[in-house]
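For reference, the structure discussed in these notes is given below.
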Amino acid sequence: MADPRGGFSAARRLIDLAEAVRADPELPRTALAELLAGHGERPADLTGEAFPEAGAAELRAAARRMAEVLRESDEDRAAGALNALLEECATRPRLTRHDGYPWHLHVDRGGEAGWGDWFLASGALALAQLLTEYGRIAWGSCAAEGCGRFFLATGPGSVRRYCSTTCAGRSRVAAHRRRKREA
């Protein structure tokens, strides 16, 4: 999925993949490949040979690890977790321009880096960019009871706690009813 400014969004890919694995921890390889294709990954990189079940398992495990960072609300702990992931991964970012996208930071698979390392490094890099750009955590896990969906909070205004206006409204109504009962 393209960034609204016309570029590639590793952060949006991270959120979408982490959310898909949160919702279905055993998301099939074909569904993962479809999701990655929707974010601009090349079809040749998503064949059963290039993206085998072992690669899908690595990707699911990496998405679960990134979900821990997405649930973090403390900036210092988030920065520490991101630095640890960037140091751990066996891949390095580079500037690239391809497939009609403008220049962007890109993390390659290959060499020692498998699908898991690639996703951890590109996800950590995307969140690190958001943290430095906004000076705060610009992502989250919905605070609405029973939801927990991941979201990006890159818009203006105060820090978001909910994934949607629906969850925010439902939470406000529930809090209002709770206060009325207690009164």
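The values are calculated or read from the model by the stated rules, or taken from the named source; none is laboratory data. Note that the structure is predicted; figures quoted are calculated from it, not measured. In this analysis, Cβ positions are derived from the backbone assuming ideal geometry, glycine residues included, and neighbour counts consider all displayed protein chains. Side chains are part of the model used for accessible areas, which takes the heavy atoms of the whole protein and leaves out ligands, DNA and RNA. Shrake-Rupley method; radii C 1.70, N 1.55, O 1.52, S 1.80 Å.
Assorted remarks:
- Residue count for the range 155-176, restricted to those that are crowded, with 16+ Cβ neighbours inside 10 Å and either within 20 Å of L127 (Cβ to Cβ) or touching a helix residue (DSSP H, G or I) at 6+ places or on another chain (Cβ under 6 Å) (or both): 4
- Within the range 32-40, at least one residue is on the phi < 0 side of the Ramachandran plot, in contact with a helix residue (DSSP H, G or I) (Cβ under 9 Å, 6 or more places away or on another chain) and open to solvent by 60 Å² or more (accessible area, probe 1.4 Å).
- The residue that is most open to solvent (accessible area, probe 1.4 Å), among those in the range 82-106 that are free of Cβ contacts under 8 Å to residues at least 24 places away in the same chain and among the aliphatic types (A, V, I, L, M), is L95.
- Residue check for E19: part of a helix (DSSP H, G or I) and more than 20 Å from C89 (Cα to Cα): yes
- Members of the range 54-80 found to be open to solvent by less than 70 Å² (accessible area, probe 1.4 Å), part of a helix (DSSP H, G or I), closer than 15 Å to L127 by Cα and touching a residue at least 40 places away in the same chain (Cβ under 8 Å), listed by number: A62, A63, M66, A67, V69, L70, A78, A79
- Residues considered: A78, A67. Of these, the only one that is more than 13 Å from the chain's Cα centre (by Cα) and under 19 Å from E19 (Cβ atoms) is A78.
- Just so you know, in the range 109-142 the residues that are surrounded by fewer than 17 Cβ atoms within 10 Å (Cβ to Cβ) and more than 17 Å from the chain's Cα centre (by Cα) include one that is nearest to A33 (Cα to Cα), and it is G110.
- As a summary of the residue check, Q129 satisfies the conditions (1) in contact with a helix residue (DSSP H, G or I) (Cβ under 9 Å, 6 or more places away or on another chain); (2) of a type in the set (S, T, N, Q); (3) closer than 23 Å to L46 by Cβ except for the one numbered (3).
- Failed item, numbered, when F119 is tested on (1) touching a residue at least 24 places away in the same chain (Cβ under 8 Å); (2) out of contact with any helix residue (DSSP H, G or I) (no Cβ under 6 Å at 6 or more places or on another chain): (2)
- Pairs are defined by a Cβ separation below 6 Å, a sequence spacing of at least 6 or placement on different chains, a first member in the range 129-150 that is closer than 15 Å to E68 by Cβ and in contact (Cβ under 8 Å) with a residue 60 or more places away in the chain, and a second member that is open to solvent by 80 Å² or more (accessible area, probe 1.4 Å) and part of a loop (DSSP other than H, G, I, E, B); the pairs so defined are S141/R71.
- Subset tally (residues that are in contact with a strand residue (DSSP E or B) (Cβ under 9 Å, 6 or more places away or on another chain) and free of Cβ contacts under 8 Å to residues at least 24 places away in the same chain) for the range 10-39: 1
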